[in-house]
1. Conditions: (1) farther than 20 Å from N151 by Cα; (2) at pLDDT 85 or above. C62 meets all but one. Number of the miss?
2. Determine whether Q110 is open to solvent by 40 Å² or more (accessible area, probe 1.4 Å) and at pLDDT 95 or above.
3. Would you point out the residue of the range 124-144, among those that are assigned to a helix (DSSP H, G or I) and crowded, with 17+ Cβ neighbours inside 10 Å, that is farthest from the chain's Cα centre (by Cα)?
4. Taking the criterion of being open to solvent by less than 10 Å² (accessible area, probe 1.4 Å) and among the hydroxyl-bearing types (S, T, Y), would at least one residue in the range 180-188 satisfy it?
5. Within the range 37-59, which residues are within 17 Å of I149 (Cα to Cα) and hydrophobic (A, V, I, L, M, F, W, C)?
6. Yes or no: the range 144-155 includes at least one residue that is touching a residue at least 12 places away in the same chain (Cβ under 8 Å) and within 15 Å of V99 (Cβ to Cβ).
7. Could you grab the pairs with beta carbons closer than 7 Å, sequence gap of 6+ or different chains, first residue in the range 70-87 and without any contact (Cβ under 8 Å) to a residue 24 or more places away in the chain, second one open to solvent by less than 60 Å² (accessible area, probe 1.4 Å)?
8. Only residues that are touching a strand residue (DSSP E or B) at 6+ places or on another chain (Cβ under 8 Å) and open to solvent by less than 40 Å² (accessible area, probe 1.4 Å): list them for the range 163-178, please.
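The values are calculated or read from the model by the stated rules, or taken from the named source; none is laboratory data. None of these values were measured; they are calculated from a predicted model. We place every Cβ from the backbone using ideal geometry, glycine too, and count neighbours over all the protein chains shown. Accessible surface is based on the protein model in full, side chains and every heavy atom, while ligands, DNA and RNA are left aside. Shrake-Rupley method; radii C 1.70, N 1.55, O 1.52, S 1.80 Å.
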Amino acid sequence: MKRAQRGIIAIAIFLMVVTSCRGQTRWPSSVDDNCFVKVTGPTTSFDREHDRDTVNGGSLFCRLGITASKANQAISAFKLAVKSPGENPNAILKFPVEVILPGSAIHGKQVDSKFFVRDSTQWAEFVQNKLNEKQRAAIHAAKLSDMSIVNSRSAGPGFILGNGLVFFSTRDAKRIVVLHLNTEDGAE
């Protein structure tokens, strides 16, 4: 009988843990999107003025703990990594970078393939051979107002360009990095 009771207790604990982890986000309580942007320095006015310049108007500071100027710098660094892929893409990319390629229909299901760009040489090849003109144009024209704040289960919090063409991870708010590209976005 004790064995059965222990089993029931173990199952109950397991279910409580699974239930509490399922909705886990970066923030322990609901996000206060009306927090005060607490920054000082030369970019203070820019950071306060552009904190909500995202697709849905979410606060970069309140939700991700980053300033608008830091997000803007990350976007600019990524633009440069695409424009001049041979010139130190390590400033914004965290290798390996996962790349999702458009798949084909197999038995009526869309099957995507993925690969990893492991270093700056592979990055230069990828940019030259795999990004199409529409994707390059979207990256070249990217700005804060094109970004959506997200919380990826696998990569953590961050922001994406468009429908997910580029994922900027803010897991470490001191260094925003690109971990993922989805070349299906704008692949036509």
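1. It fails just one condition, (1).
2. No.
3. Filtering the range 124-144 for residues that are assigned to a helix (DSSP H, G or I) and crowded, with 17+ Cβ neighbours inside 10 Å, the one farthest from the chain's Cα centre (by Cα) comes out as A124.
4. Step one: filter the range 180-188 for residues open to solvent by less than 10 Å² (accessible area, probe 1.4 Å), giving 181, 183.
Retained after the next criterion (residues that are among the hydroxyl-bearing types (S, T, Y)): 183.
Looking through the range 180-188, at least one residue is open to solvent by less than 10 Å² (accessible area, probe 1.4 Å) and among the hydroxyl-bearing types (S, T, Y).
5. Of everything in the range 37-59, those that are within 17 Å of I149 (Cα to Cα) and hydrophobic (A, V, I, L, M, F, W, C) turn out to be V37, V55.
6. Scanning the range 144-155 turns up at least one residue that is touching a residue at least 12 places away in the same chain (Cβ under 8 Å) and within 15 Å of V99 (Cβ to Cβ).
7. These pairs meet every condition: A77/I92.
8. Result: G164, L165, V166, F167, F168, S169, T170, I176, V177, V178.
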